[in-house]
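The values are calculated or read from the model by the stated rules, or taken from the named source; none is laboratory data. Please read these numbers as outputs of a predicted model, since none were measured by experiment. FYI the Cβ positions are ideal-geometry reconstructions off the backbone, even for glycines, and counts take in every protein chain you see. All accessible areas refer to the heavy atoms of the entire protein, side chains included, with ligands and DNA or RNA removed. Shrake-Rupley method; radii C 1.70, N 1.55, O 1.52, S 1.80 Å.
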Amino acid sequence: MIDPPVRSAHSNFWCGVDETGYYRRTDEYFPTLYRERKGCFEVPMVHSTYLIDMKSPGSEKLTFIPDEDYGLAFDDLLVFAYQVRKAGMEMFVLNTEVFMRMPWISSEYSSLEEEKEKMVTFFINELSADGPVIRSEHVPHAKPAKTNFGFDKIYVINLPRREGRRLRMMSVLDDLGIEYEFAEAVDGRNLTNKDLEDFGIQMLDGYSDPINDRPLTMGEIGCFLSHFKIWTDVLSNGFQEVLILEDDLHFEPHFRQNLEKLLNDNQLEELGWDLM
């Protein structure tokens, strides 16, 4: 029995289980999940989607119904894994490829709007992970009205060589109904010491990154200069409030609604702010 792992909000396999039969964290789990180690590995639990060799002698014994010897919780995942082991079969996860993507598990307590929001978030984060997804022309898709949330401008920082990220953000922000403008990032790969002199940048003598214990890299300086260009544009245009997004942003569920609420709450409380 082989499980093709899916890219999803949760995995469809466990590398370890505890005495109750439920998930137990192991050292092998994340390297397997993120495909840092690739291959076909025996695991104690697979669920949600799997391939079964129906020619195997034990396959006819597989069931989601517990027998009288079963002593764990009445959970379909646990029952099926128990029946697999009792039938003398083994479970494996094969992660040499990303075979599919799977959304969050629906809940009987979620409203239709909540399930819809889960699907939108899944679409923009998971399905668009490798670039924009082409929608079927035969399926109607209503997009929300465009908004800038009251900001003077919404910037999206993007390197010209990161075309995939650019296309993804265009697709995602279009789905979310957000007005934006791309801001070309400064590429640290192309920066030289002469460029730093021209920008008037001087490193502090003896400065060392407190986390990595090293000087700033050209990539980090390029990141700073990318934001500096935006600050210059904000000042030259007299903008009062702007939103800056990176092109690798991961959107949480209800992103648009939560941002609107944050801004409204701030206005109601008259807190005033410089940077959020």
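Candidate cross-link partners of Lys61 among the lysines, defined by an alpha-carbon separation under 28 Å and a same-chain spacing of 8 or more, comprise Lys86. Tell me which label goes with the value of semi-axes √(5λ) of the Cα gyration tensor in Å computed from the coordinates here: (i) 71, 25, 17; (ii) 32, 20, 18; (iii) 46, 26, 18. Correct label is (iii). Between Ser59 and Trp231, the contour length at 0.36 nm per residue exceeds the Cα-Cα span by 55.5 nm.
Once the Cα atoms are used to define both axes, helix 255-269 deviates from the longest principal axis of the chain by about 50 degrees.
For Lys261, a cut-off of 25 angstrom between C-alpha atoms picks up these lysines, skipping any fewer than 8 places away in its own chain: Lys116, Lys118, Lys143, Lys146, Lys153.
Distance between the modelled labels on Thr147 and Leu271, one decimal in nanometres: 1.8 nm (7 Å Cα→Cβ projection). Note on the chain: helix-only mean residue ellipticity at 222 nm, from DSSP H runs of 4+ residues weighted -39500 (n - 2.57) and normalised by residue number, equals -9500 deg cm²/dmol. Taking all protein chains as present, what is the carbon and sulfur share of the accessible area of segment 118-276, in % to the nearest whole number, probe 1.4 Å? On segment 118-276, the fraction of accessible area on carbon and sulfur atoms equals 53 percent.
Bridging of Lys194 to lysines at a Cα separation below 22 Å is possible for Lys229, once same-chain residues fewer than 8 apart are set aside. Axis angle, to the nearest 10 degrees, between helix 218-237 and the longest C-alpha principal axis of the chain: 60 degrees.
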